[in-house]
Amino acid sequence: MSADPAKPGLVRLNPDTVAPPGMYSQGVVAPAAGRWLHISGQVGVRRDGSIPEDFKGQAQCAWTNLVAVLEAAGMTVADLVKVNSYLTDRSQHPQFSPIRAKFLGDARPASTLVIVAALARPEYLVEIEAVACRA
């Protein structure tokens, strides 16, 4: 266990008994008394309702939307405890990782990435949901 100096109250778990993680934590312990935010799946839809045609544009838009929800709650990506990402095309994973890294910076939430057959609408290529906690 290691306390997160940037976020008092959050403890990032990366035990020596499992493979070391990449840009995430194996687990995150957050205080029960914190302010919890559950963020619905964010897709690549701009405020005006338009949808970027390419994967990169949709991924950037989905992350921008997720960060906007965090900011509306007075939080940042450092408050993220868990992120689930859903891609409809496995070949897009190499494009997704650097976009994710740009938005998360040094934040290391627990993380899952799943390749799915489809999302709610056929034009959606990526969806990202998250849970955040501020102690």
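The values are calculated or read from the model by the stated rules, or taken from the named source; none is laboratory data. Here the structure is a predicted model, which means the values were calculated and not measured. Every residue, glycine as well, gets a Cβ built from its backbone with ideal geometry; the counts of neighbours run over all protein chains shown.
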Looking at the structure I just gave you, is Phe96 more than 20 Å from Cys133 (Cβ to Cβ) and in contact with a Ser or Thr (Cβ under 8 Å, 6 or more places away or on another chain)? yes
Whichever residue in the stretch 79-98 is hydrophobic (A, V, I, L, M, F, W, C) and under 11 Å from the mean Cα position of the chain (by Cα) and, among such residues, is surrounded by the fewest Cβ atoms within 10 Å (Cβ to Cβ): Val81
Under 8 Å by Cβ, and 6 or more places apart or on different chains, what pairs join a residue from the stretch 4-23 that is farther than 22 Å from Leu113 by Cβ and of a type in the set (A, V, I, L, M) with one that is modelled with pLDDT of 75 or more and not in a loop (DSSP other than H, G, I, E, B)? Ala6/Ala78; Val11/Val28; Val11/Val29
Could we say that Cys133 is over 11 Å from the mean Cα position of the chain (by Cα) and part of a helix (DSSP H, G or I) here? no
Any residue at all in the stretch 86-96 that's in contact with a helix residue (DSSP H, G or I) (Cβ under 9 Å, 6 or more places away or on another chain), closer than 15 Å to Gln58 by Cβ, touching a residue at least 60 places away in the same chain (Cβ under 8 Å) and outside any loop (DSSP other than H, G, I, E, B)? no
How many residues are among the small types (Gly, Ala, Ser) and over 29 Å from Leu125 (Cα atoms) when one looks only at the stretch 12-71? 5
Can you tell me which residues in the stretch 99-128 are surrounded by fewer than 18 Cβ atoms within 10 Å (Cβ to Cβ) and of a type in the set (Gly, Ala, Ser)? Ala101, Gly105, Ala117, Ala118, Ala120
So, of the residues in the stretch 22-66 that are among the β-branched types (Val, Ile, Thr) and closer than 21 Å to Gly9 by Cβ, which turns out to be surrounded by the most Cβ atoms within 10 Å (Cβ to Cβ)? Ile39
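Residue-wise test of (1) in contact with a Cys (Cβ under 9 Å, 6 or more places away or on another chain); (2) farther than 21 Å from Pro20 by Cα.
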position	(1), (2)
Ile51	yes, yes
Asp54	no, yes
Leu66	no, yes
Val77	no, yes
His93	no, no
Leu125	no, yes
